[in-house]
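So the structure is just underneath, and the comments pick up after that.
Every read-out reported here was derived from the displayed coordinates using simple, explicitly stated rules and does not represent laboratory data. As the structure is a computational prediction, the values presented were derived from the model and not from experiment. Using ideal geometry, Cβ is built from the backbone for each residue, glycine included, and neighbour counts are taken over all protein chains shown.
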Amino acid sequence: MSFEFPNPTSTKSLSSEEIVQAVSLLCDAREDEQSKADFLSALNQRGETAGELAGFSSELLKRAVSPMIGREEDRPLVELCGTGGDKTGLLNISTAAMFVAAGAGAWVVKHGNRAVSSRCGSADVLEALGVTLHLETGRIEAILEHSGCVFLLATDFHPAVALMAPVRRALAARGQMTIFNLLGPLLNPAEPEYQLTGVYRLDMLSRYAKAMGILGRRKAWAVHGEPPSGFQEVGGGIDELTVTGRSMVVETSAGGMKQFEITPQELGFALIDSYVELQGGDAGENARRIVAILSGEERSAARDMIVLNAAAAVHLSGVAGSLPEAVARANESIDSGRALLALEKLRLASAVP
């Protein structure tokens, strides 16, 4: 190409035109890998702005494969996921919460991938649960209608992101974070109306919420959980609403942005002071625990945390008018068997050729 990467060290956010230029170069296999690495490293060191998070996401979404889900006013879509990167090794909270939220009446379109910063990613545990990951786009809407939820494997919908894999791997090997460590939840190709996203970096919370607003979410929460007393994790916390302490929330909606905190006690959950009950393992172990929780067999802090995150998604999508009402609906989703049924429906529907 006849142009170079824009300057990422400027105190000003990259313009729309510069973001288009940068994404084009990052996706170009002919472009020098070192130039790509230098650009991404400098951008990360300066700190990505809300406009850059939204702009990079928008450009990559233009290159994404459409899941072909029709928009219906009485079926608004909700996404719940985390950015990853908190290094806590927890059970797959948001993946399990997907089934609880679906059982409570929300329409969940979850976008994710295999493990990057943990032992078991959302795709890994879903595969262990018997869910087929690679779906024909023409079948996705029918699966959603049948199950109340569907999973979109990131690598199937973002060929442009796959082109950047070599430079991302090289930087990751050096422990270098990039904007791609934050973009995942913003790249859901279904572009849901509502979104709950956990962010491992507290300093990015407001910027992340603003980015979701720029991308057109009707209402979205960027959340950051406080670790148990005495624990200090990379990034300072958890990329989920938590029962280990306070959860900081920045909400974006048509009414603007606001900040508040949620404590587990105010919603009837016990505050816990360790990660023991929340700790995850490999895909098989996590799948067994998720089934135990969804079936009502395991009643633990992990169930509470799953219910809390599912309730937030249910509330955001408008199924419940308040968070306490949404908590009651999420608990009832498990106790009635509807959460487990959502998993069974997704397993069967995704397997149909």
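Things worth noting here:
- DSSP finds beta bridges in region 176-327, and of those with both partners inside it, around 75 percent are antiparallel.
- Here the extension length gained between T11 and A29 equals 3.6 nm, from 0.36 nm per residue of separation less the Cα-Cα distance.
- Computed about its Cα centre, the charge dipole of the chain is approximately 140 debye, with only Lys, Arg, Asp and Glu carrying charge at their Cβ.
- For L90, distant residues with modelled amide H under 5 Å away: G280
- Residues with amide H under 5 Å from that of E48, placed H, sequence gap 5 or more: none
- Other residues whose C-beta falls under 14 angstrom from the C-beta of E17 contribute a net charge of -3, scoring Lys and Arg +1 and Asp and Glu -1.
- Counting all C-alpha pairs of the chain, share separated by more than 25 Å (%): 50 percent
- Computed per residue of the chain from DSSP H runs no shorter than four, each worth -39500 (n - 2.57), the mean residue ellipticity at 222 nm is -13000 deg cm²/dmol.
- The packing ranking of peptides 245-254, 90-99, 59-68, highest mean first, is 90-99, 245-254, 59-68, where packing means the average number of other beta carbon atoms within 10 angstrom of each residue.
- Evaluating 6.51 cos²θ - 1.76 cosθ + 1.60 at θ = phi - 60° for every residue in region 283-292, the Karplus couplings come out as 4, x, 5, 5, 4, 4, 5, 4, 4, 4 Hz, glycine and proline recorded as x.
- Of the peptides 124-136, 306-318, the order by per-residue mean of other Cβ atoms within 10 Å, starting with the highest, comes out as 306-318, 124-136.
- Those aspartates and glutamates that a straight Cα-Cα span of less than 14 Å connects to K345, excepting residues fewer than 8 apart in one chain: E141, E145
- Couplings 3J(HN,Hα) of region 78-85, computed from phi: 10, 10, 9, 6, x, 6, x, x Hz, in residue order, whole Hz [Karplus 6.51 cos²θ - 1.76 cosθ + 1.60, θ = phi - 60°; x for Gly and Pro].
- Among residues other than E33 with Cβ under 15 Å from its Cβ, the summed charge is 0 (Lys and Arg +1, Asp and Glu -1).
- Residues whose amide H lies under 5 Å from that of L77, counting only those 5 or more places away or on a different chain, are E193, Y194; hydrogens are built 1.01 Å from N in the peptide plane.
- Couplings 3J(HN,Hα) for region 160-167, derived from phi with the Karplus relation 6.51 cos²θ - 1.76 cosθ + 1.60 (θ = phi - 60°), are 5, 5, 4, 5, 8, 4, x, 6 Hz, where x marks Gly and Pro.
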